[in-house]
Each structure stands twice: as structure tokens, then as C-alpha cells.
Amino acid sequence: MIKSFAYQYSPFSDLATKNILMTRRHFLAASSLPPLMLQTTSPALKRRVIIDTDPGTDDALAIFLALNSPELEVEALTPVAGNVPLELTLSNALRLLEVAGHSHIPVAAGADRPLVRRLITASYFHGQNGLAGIQFPEPTIKPVAETATQLIRRLVHASPHEIGIIAIGPLTNIATAFREDPELPRLIPRLTIMGGSLSGGNITPAAEFNIYVDPEAAQIVFRSGVPLTMVGLDVTRRAMLREEDIQRMESSSKPEGRAAGKIARASLNLVRQTSAAGGPPMHDSLAVGTFINPSVVTLHDLYVDIETAGTLTAGETVGYRKAPMRASPPMANASASPQSMEFKPNARVALDVDVDPFLKMLVDRIAG
Ligand code: BDR
Ligand code: CA
């Protein structure tokens, strides 16, 4: 019997096995550092990353975390429609970069709707403007002329096996890029997504929001062969900001720290209106944290596929931990026995999280 198992690997193993960016000396030095202590990473050790996003309150904090993480070089933001329409996710991405003093990072507009479905947004949770009603100045920077998929494809082809992606919105942009360019998945060292759940949804009983919005896109991505890490509700709904975290951000000396504090405070008020217990969940920041340092979560090797046919369950992430893997029997011939498929994991799935060190990293870095 094949057992699922927890990964124990260095944050840099994908790069190291492909001999990219790091010398052996760099790799040994980096992997011997204790978890969450990679504060003084030299530029040679930075991992290049594109953030595909739908800001979004928790996206905002995730972007600030990435921008304040010495292990990462953020190459681009590629907004997609999700929490709010594209018009707002795009302008919010530009605003957030300006607030954080990173106006030089290119922002390319992505998809304004899912591949085949009507867009469902989550403004009830993120506010009408996507940032819990907090108003930031109109951005003075503009999106680049390329579309999100053009930019992703160009950057990845220019530096094969070097550029990872953190996708924290619906997977429409990523699936479109993979459809246009089937070679792309094998040129990306790691795609870490916030999405999915093996323990029930947050928008329907079955589905997590990002996968629910565009299940067909998620199915393309999960079947693509890209090295995939799934950071879903199983872990992210446990990573909730606490009152003291919000206060630390509110009293930060950094503009993005104070901006994060305002967004977090307003999010907390929205959470309270929905009568949910606890603070705002840091869904998207945990995906960034996992990309930086996978030891913050416990990862298991699973085969995950996406329900696209179910009227009640569309967007469910169905995870197989071991053989036999069977799908539903065909409707037209109910007596046919379902075929089982070979168990070949396609995702590292986060199923447990060390919440305190993660929140400490998040707040330390954003608040400074
Ligand atoms: C995910 O959905 C969005 O509302 C959040 O930004 C996060 O990416 C959580 O289900
Ligand atoms: Ca998001």
C-alpha cells in the first residue's frame, strides 16, 4: 500500500535539484538555517516569484508579506477577477504597490471572468472596494501593456525553472497561460496556491472560494503536471489574526504596516458582522509563508482533482491519499463498475500548520 507522507524538505529543494540560482555552498548554507530564520538572505539566494492575485483584504497582507520577505524577489503582480471585479483587483494591486514603495514592479491585467462561468465575487467579505472599505489614494502607476498571461509566459521562458508562482485568487490566469503554452508547467519550479479544502468549503459546503469561482481553470492547473503546493482551508482557516497582531500593525512605522493594520481592523469588523468567531483568516498570507518556508505547514502527497460537473459540489477539491482511485460510475450505465486509476500524487497538500510562528513571521515582517 502506498502511504501519503509528510514532506520534510528544504524551501530551496526545487532550485537545488535543478542547480539553479544557487551554488552547492549556498544551498548547504541556506538549508542548515532554522525554520523562519532566513532573515539575512543574500540577493543570490532570493527566489523569483510572480504573485497572481485578486486583492482582496487578505491578498493585500499577503502581498505586503512577500514584498517584505528577503527570500523573495517579486517579479510581477497579475490581478484576476475574484473577490471583486478585475477593474478593482487591478487598481488595488497598483495601490498596494505604491503604498509599500514598490511602484517599479510590473502589474499586468488578467482575466475579467472565469473560463466558462459567470463571475461570483466576495464583496460581502472584502467590502465593495475589495479592501474592506479602506480608501487609499488613486494609483499613479499604470498596468503594463502586456496581459497577465503574456507577462507570465515571457518571464518564465526568459528564465526557465527559475520563476515560481504564488496564486492567491481564482486560477483563471494560470490555466489560460497553461492552455496557451502547454510547455509552461514544466518550466515553473513551484506553483503554490491558496485554494481548495479537504475538510469542507467556505462558499458552499463543498467548495473553497478560489476554486469555486473557476473550477474548470483549477482542473486544468491540477492536471497540468506543474509542481503544485495546495494551501487550502484545512490550514488557512486556523491562521487568524489576533487583536495584538492588528495593534502591532496599526502602530507600525512603515506605511504598509499601517495600511495592513487598517485593512485588518476593518476586516475584523466585517468578520464580526458575519458572526464568525475569531479574527480575519490569513488565507493568502499562509500561501506566501508556505512558499517561503514549507516547514510552517505539514505537507502530504496527494492526488487532487476538481469537481466540475456537480450542481451542488462544483469546485470541490477531491483528494486521494492512496490507491484505489475511483471516479463516480457513468450515469448512463449505472451498472458499470468504476475503473480505478494508478495513484500518482499531483500536489503537496498542507494539512497541518504551526500557527504561532507563521503569525509572528507575518506581523514581524509587515509591521517591522
Ligand atoms: C480565498 O478566497 C478569497 O476570498 C481570499 O482572498 C482567499 O484567497 C479564501 O477562500
Ligand atoms: Ca485572494
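Worth a mention:
- Here the stretch 163-219 is the region considered, the condition is being of a type in the set (Gly, Ala, Ser), outside any loop (DSSP other than H, G, I, E, B) and out of contact with any strand residue (DSSP E or B) (no Cβ under 8 Å at 6 or more places or on another chain), and the residue that is nearest to ligand 2 (Cβ to nearest atom) is Ala217.
- Candidates Arg258, Arg237: the one that is in contact with a helix residue (DSSP H, G or I) (Cβ under 7 Å, 6 or more places away or on another chain) and not hydroxyl-bearing (Ser, Thr, Tyr) is Arg258.
- One residue alone among Pro11, Pro35 is more than 16 Å from ligand 2 (Cβ to nearest atom), at pLDDT below 60 and within 23 Å of Pro281 (Cα to Cα), and that residue is Pro35.
- Scanning the stretch 58-79 for residues that are over 16 Å from Leu359 (Cα atoms) and of a type outside the set (A, V, I, L, M), we see that the one that is nearest to ligand 1 (Cβ to nearest atom) is Pro79.
- Number of residues in the stretch 262-302 that are among the small types (Gly, Ala, Ser) and surrounded by 23 or more Cβ atoms within 10 Å (Cβ to Cβ) equals 5.
Yes/no matrix, rows are residues, columns are (1) under 24 Å from Ile203 (Cβ atoms); (2) assigned to a loop (DSSP other than H, G, I, E, B):
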{"residue": "Leu97", "(1), (2)": "no, no"}
{"residue": "Ala109", "(1), (2)": "no, yes"}
{"residue": "Arg118", "(1), (2)": "yes, yes"}
{"residue": "Pro139", "(1), (2)": "no, yes"}
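- The stretch 58-82, residues that are within 26 Å of Thr121 (Cα to Cα), in a strand (DSSP E or B) and in contact (Cβ under 8 Å) with a residue 60 or more places away in the chain: Ala76, Thr78, Pro79
- Of everything in the stretch 42-57 that is more than 10 Å from ligand 1 (Cβ to nearest atom) and assigned to a loop (DSSP other than H, G, I, E, B), the residue that is modelled with the highest pLDDT is Lys46.
- Test for Gly127: is it of a type outside the set (A, V, I, L, M, F, W, C), away from ligand 2 (no atom under 16 Å from the Cβ) and either buried (at least 19 other Cβ atoms within 10 Å of the Cβ) or on the phi > 0 side of the Ramachandran plot (or both): no
- Residue match in the stretch 183-201 (condition: within 12 Å of ligand 1 (Cβ to nearest atom) and among the polar types (S, T, N, Q)): yes
- Each residue in the stretch 311-326 was checked for being buried (at least 17 other Cβ atoms within 10 Å of the Cβ) and in a loop (DSSP other than H, G, I, E, B), and 5 of them qualify.
- Residue satisfying condition, being within 22 Å of Glu146 (Cα to Cα), of a type in the set (Asp, Glu) and in contact (Cβ under 8 Å) with a residue 40 or more places away in the chain, within set Glu162, Glu208, Glu180, Glu216: Glu162
- Scope the stretch 335-353; condition surrounded by 15 or more Cβ atoms within 10 Å (Cβ to Cβ) and at pLDDT 95 or above; matching residues: Pro345, Asn346, Ala347, Arg348, Val349, Ala350, Leu351, Val353
- The residues of the stretch 243-257 that are surrounded by fewer than 17 Cβ atoms within 10 Å (Cβ to Cβ) and not acidic (Asp, Glu), listed by number, are Gln247, Ser251, Ser253, Pro255.
The values are calculated or read from the model by the stated rules, or taken from the named source; none is laboratory data. Worth saying up front: this structure is predicted, and the values here are computed from it rather than measured. Here the Cβ is made from the backbone with ideal geometry for all residues, glycine too, and neighbour counts use every protein chain on show.
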